[in-house]
1. Could you please state how large a percent of the accessible area of segment 238-297 is carbon and sulfur, counting protein chains only and using a 1.4 Å probe?
2. Give me the one-decimal nm value for the distance between modelled label points at A116 and R35, 7 Å along each residue's Cα-to-Cβ direction.
3. How big is the dipole moment of segment 74-123 about its Cα centre under a simple scheme where the beta carbon of each Lys and Arg is +1, that of each Asp and Glu is -1, and everything else is neutral? Debye, nearest 20, please.
4. Relative to the present Cα-Cα distance, how much length would full extension add between A154 and A108 at 0.36 nm per residue of separation?
5. How much accessible area per residue does segment 158-283 have, in Å², with a 1.4 Å probe?
6. Antiparallel as a % of all DSSP beta bridges within the chain, to the nearest 5?
7. For segment 135-150, what does the Karplus curve 6.51 cos²θ - 1.76 cosθ + 1.60, with θ = phi - 60°, yield as ³J(HN,Hα) per residue in whole Hz, taken in order and with x for Gly and Pro?
8. What is the percent carbon and sulfur in the accessible area of segment 20-126, measuring with a 1.4 Å probe over the protein chains and ignoring ligands?
Amino acid sequence: MSPFLSPLEALCALDAGGRGVGRLVVPGAMARAARSLVTARRVVLVTGFVPRPDWAAETDGPSGTVVLGRALRRLGATVTYLVDPPVLPLVRGCLRALDEPRDLLALAGLGAAAVAAGLAAVRDFRPTHLVAVERPGRAADGGYYNARGRSVAALNAPLDTVFLRRPRGAVTIGVGDGGNEIGMGRVRRRVARDVPRGRKIGSVVRTDHLIVAGTSNWGAWGLVAHLALLSGRDLLHTPDEEARLTRAMVAAGGVDGLTGERRLSVDRLPVAVHRALLGTLRELTIHLMARRGAIPRAGEQETA
């Protein structure tokens, strides 16, 4: 495996928050995951993280998940979102903001019975792929923790069960930025070594592919950018759509996952930073598509 990141990976791994996430990045994982997803037929997307008892679900995860879901739907996949009650308003708001179908598998609660019903619904859906974006994954002691090492087990349904008991043949992909999310079991030793409180909070849940980025939303964007390269289609959303998505999450009660504030920010980075990175990612993707001879029409984004 090459020790070097691709240009798209390097941009999405930008550590603007100074959290040291670069030590967890797996070079080439983003492209490998995209190569699997580009032919996906049925995809279950899981997202959402409530980091503290007095906070709502955070703004990192839901919007990037919906952007990825839209791209996969445009490529021909059937897409559904598995969500628990705290995250449902944010995902629904993001779907509405992009005028996407409200194809949801919504859990009735956070307990074992609700999760069992969700697992049954996933099996009935017969997914070819399971994707988690910024979703808690259990630690070695079976608990679920935020970055400070405090338990969030009572705040988030154990949806990692779907990945631990995945339907036969389903490919699993995890996207995270802190070490405590579904998928981080692939780099558990690095999390224990390089992440504060990593031995306690590090998730043991592995996925076939793991994307680590500066924010989990950025990791989802990077997957979409790679899907654009593979398909020759303009699949990324626009900076204006990003602002609309963030407003939708805040309107639905979402909070910044690091400050707990209901403001237009994700992981303490204002929406202007996210818009700027997205604009750069779009231009870089177009440049790489041009080098490959696949150039979308200037200024046109697909609406199918």
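The values are calculated or read from the model by the stated rules, or taken from the named source; none is laboratory data. The structure displayed is predicted, hence computed values, not measured ones. Cβ atoms come from the backbone with ideal geometry, glycine included; neighbour counts cover every protein chain shown. Remember, those area values only see protein heavy atoms, side chains included, never the ligands or the DNA or RNA. Shrake-Rupley method; radii C 1.70, N 1.55, O 1.52, S 1.80 Å.
1. Working: 1570 of 3020 Å².
Result for segment 238-297: 52 percent of the exposed heavy-atom area is carbon or sulfur.
2. 4.1 nm
3. Details: 5 positive and 4 negative charges, 9 e Å.
For this selection, approximately 40 debye.
4. Details: separation 46, 0.36 × 46 = 16.56 nm, distance 1.48 nm.
Stretched fully, the A154-A108 segment lengthens by 15.1 nm.
5. On the way: 4700 Å² over 126 residues.
For segment 158-283, the per-residue accessible area is 37 Å².
6. Numbers: 6 of 30 bridges.
The answer is about 20 percent antiparallel.
7. Values, residue by residue: 10, x, x, 5, 8, 4, 8, x, x, 10, 9, 8, 5, 7, x, 8 Hz.
8. Values: 1920 of 3700 Å².
Looking at segment 20-126 in its full context, I get 52 percent from C and S.
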